[in-house]
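Participant: The structure that follows is given in the form of structure tokens.
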Amino acid sequence: MHFADVDSQEPAPRNSGSYADECLILFARYPKKGQCKRRLIADVGVDRAHEIYQALFDKTLKTTLEATRAHRNLIVAVEQASCMEAVRGLCELMRAEDKAPAPLIIPQRGEDLGRRMSNAMELAHQRGAKRVVLVGCDVPELSFEQIERSFDELRGRGEGTDHVVLGPSRDGGYYLVGTTVPLSSLFSGIEWGTDRVCQQTIARCEDLGVTFSTVTVLNDIDTVDDLTMEVLATLGLTAGEGSTDPRVAVIIPALNEEASIGEVIRSLPAKYELQVIVGDNGSIDGTASVARRAGAEVVFERERGYGAACLAAVEQIAPSVSVIAFIDADNSDDPTVLGELVDPILCGEYDMVIGSRTMGEAERGSLAPQQRFGNWLACFLMRLIYRVRYTDLGPYRAFDREAFEQMGMRDRNFGWTVESQIKAARMGLRFREVPVPYRCRRTGRSKVSGNLIGSLQAGYVIIATILRYGFTRIE
């Protein structure tokens with residue numbers, strides 16, 4: 001197999017080839033409302049899908065124009081021939097800002113995606129380009145540096161070498177393809193629109209005896225599940241743009257978590273109308289400022305205690321919110337699986353959903369021995385006293401707002417999570433546990449499991465809470 005993974009090697013060395021021998025192709029559909037991102041439309045509506053794709057198109061066009069400043073040719077291949085003048089006008093506006101050379105605007109021609117891509121790349125080679133790179137318009141992370149790296153890889157192969165460079169996307173396709181020679185058969189027999197596109201193209205390279213390499217794997221945007229708050233921020237958008245009525249509130253209690261909280265917030269799925277509230281429990285680092293920059297509201301609670309921070313944040317929930325979710329700030333929980341907890345409640349099937357670390361995949365070392373034992377003991381006692389089966393006391397959980405308010409949560413310390421589970425059982429709420437991944441915290445040390453004294457204190461509070469409610473009437 002002729003394969004080089006560029007991400008694990010030094011970039012290929014430059015040879016004497018000049019930029020005049022290179023052509024970049026932007027392969028795109030012009031952003032007409034209702035005609036782009038049809039799978040996205042089904043989830044977020046026509047206007048929001050158009051807004052997202054317009055931002056993708058504008059950002060990618062600006063990036064490709066930037067990549068042509070050093071005398072590299074640019075071709076914009078537009079799917080809709082009727083929109084070529086609109087693209088030309090947009091290019092003129094952006095060129096005036098960036099002083100980029102004028103691109104060639106052409107329609108895409110061919111009966112399928114592979115033939116249309118092949119025709120555009122063959123045209124570039126026919127016009128004298130020795131190195132051609134084609135990029136799509138669905139990847140918000142595409143940058144000038146990544147385009148340069150793909151040309152470096154082609155340039156470093158030397159004259160007369162047949163080589164292909166691919167930019168894989170995480171869904172099994174690719175957002176970038178580059179060639180040193182015309183390869184009309186490269187795209188033959190590919191099952192477009194499947195998760196086998198990149199794999200099948202690599203197999204075609206092997207069949208043709210062509211060497212190939214890859215650059216950075218990136219996410220493209222096809223469905224609502226591909227959207228995160230970080231993606232929207234990259235595009236200059238915000239979650240819930242066009243709406244002031246959030247449906248889901250995400251509460252993040254935090255104490256000195258500046259190194260991780262930004263990533264937690266940015267990784268939350270953007271398909272929901274989110275209100276993100278951080279309950280800062282007296283941080284002396286930059287937790288609050290990092291959280292605000294990531295798009296969250298921040299509420300301060302000086303009284304130390306997990307429950308105290310949660311209760312302070314809950315007070316700020318917007319009236320339109322129907323689901324309340326809780327997640328820790330240390331990035332041990334996976335924010336991208338929020339839907340596993342929230343969707344069953346939004347559908348009206350459950351009142352409480354708990355993310356179970358013991359049912360899911362926990363990284364080795366992520367749960368300390370004392371945590372595992374304490375978790376088992378607490379669940380055993382609840383089963384014994386309340387006749388209810390839980391597998392975990394994990395902090396990652398979600399509630400129907402009305403049910404949550406009926407609970408009348410009071411604990412201001414480590415008994416917060418177990419209090420909600422006891423009350424859910426005694427009130428007869430509909431609940432379920434779902435497996436969630438759990439990982440070792442990447443920075444800092446846990447306030448509970450990070451030391452034996454903290455674990456013992458938390459364990460004492462949890463066990464005392466279980467026993468206390470066993471002899472207390474819940475009103």
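Participant: If you fit an axis through the alpha-carbon atoms of helix 369-386 and take the longest principal axis of the Cα set of the chain, what angle between them do you get, 0 to 90°, nearest 10?
Facilitator: Helix 369-386 and the main axis of the chain meet at about 60 degrees.
Participant: Here is a follow-up. Tell me which GluC sites (Glu not before Pro) from the stretch 219-316 have a DSSP coil assignment and no more than 11 other beta carbons within 10 Å of their own.
Facilitator: E315
Participant: Around Y272, under 10 Å between beta carbons, what's the net of Lys plus Arg minus Asp minus Glu among the other residues?
Facilitator: Values: positive: R247, K271; negative: E273, D343.
Local net charge: 0.
Participant: Okay, moving on. Given a Förster distance of 35 Å, report the FRET efficiency between I385 and E303 from their Cβ-Cβ distance, rounded to the nearest 0.05.
Facilitator: 0.75
Participant: Same structure, new question: Just rank S118, S150, S82, fewest to most, by other beta-carbon atoms within 10 angstrom.
Facilitator: S82, S118, S150
Participant: If you fit an axis through the alpha-carbon atoms of helix 113-126 and take the longest principal axis of the Cα set of the chain, what angle between them do you get, 0 to 90°, nearest 10?
Facilitator: Helix 113-126 sits roughly 40 degrees off the main axis of the chain.
Participant: So which trypsin sites (Lys or Arg not before Pro) in the stretch 239-331 pass both tests, a DSSP loop state and at most 14 other Cβ atoms within 10 Å of the Cβ?
Facilitator: Here the sparse-neighbourhood loop sites are R302, R304.
Participant: Sticking with this structure for a sec: Taking 8 Å as the Cα distance limit and 6 or more residues as the minimum spacing, I'd like the relative contact order of the chain as a percentage.
Facilitator: 12 percent
Participant: While we're on this one: Note the per residue figure in Å³ for the convex hull of the C-alpha positions in the stretch 227-469.
Facilitator: Value for the stretch 227-469: 113 Å³ per residue.
Participant: If each of V46 and L208 carries a label point 7 Å out from its Cα toward its Cβ, how far apart are those two points in nm?
Facilitator: 4.0 nm
Participant: Please give the FRET efficiency for R364 paired with R69, using the beta carbon to beta carbon distance and R0 = 56 Å, rounded to the nearest 0.05. Numbers along the way, then the final one.
Facilitator: On the way: r = 48 Å, r/R0 = 0.86.
That gives a FRET efficiency of 0.70.
Participant: Eight or more residues apart or on different chains, and alpha-carbon atoms under 28 Å: count the Lys pairs in the chain matching that.
Facilitator: Summing the qualifying lysine pairs gives 18.
Participant: Per DSSP H run of n ≥ 4, the term is -39500 (n - 2.57); total these for the chain, divide by its residue number, and report the mean residue ellipticity at 222 nm rounded to 500 deg cm²/dmol. Could the numbers behind the result be given before it?
Facilitator: Numbers: 15 runs with 174 residues, N = 475.
Per the formula, -11500 deg cm²/dmol.
Participant: On to the next question. For a footprinting-style exposure proxy, rank C36, C379 by other Cβ within 10 Å, fewest first.
Facilitator: Fewest-to-most ranking of C36, C379: C379, C36.
Participant: For Cα Rg over 2.2 N^0.38 Å, pick the label among [x] 0.95; [y] 1.16; [z] 1.92 that corresponds to the value derived from the coordinates.
Facilitator: [y]
Participant: Treating the angle as unsigned and between 0 and 90°, give the value, to the nearest 10°, between the Cα long axis of helix 416-427 and the longest Cα principal axis of the chain.
Facilitator: Around 70 degrees separate the two axes.
Participant: On a full-extension model of 0.36 nm per residue, what is the gain between E148 and R170, subtracting their alpha-carbon distance, rounded to one decimal in nm? Write out the running numbers ahead of the final one.
Facilitator: On the way: separation 22, 0.36 × 22 = 7.92 nm, distance 2.08 nm.
Taking 0.36 nm per residue and subtracting the Cα distance, the gain is 5.8 nm.
Participant: Quick one: which residues, 5 or more positions from I25 or on another chain, have an amide H under 5 Å from its amide H? H modelled 1.01 Å from N in the peptide plane, none for Pro or chain starts.
Facilitator: It is I75, V133, L134, V135, by chain and number.
Participant: To continue, here is another question. How high is the FRET efficiency between E349 and D21 when r is their beta carbon distance and R₀ equals 41 Å, given to the nearest 0.05?
Facilitator: Efficiency for this residue pair is about 0.10.
Participant: For W192 and S82 in one chain, what is 0.36 nm times their gap in residues minus the Cα-Cα distance, to one decimal in nm?
Facilitator: Contour length minus Cα-Cα distance gives 37.1 nm.
Computed from the coordinates by the stated procedures, all read-outs in this text should not be read as laboratory data. Note that the structure is a prediction, hence the values are computed from the model and not measured. With ideal geometry, Cβ positions are generated from the backbone for all residues, glycine too; neighbour counts draw on all protein chains shown.
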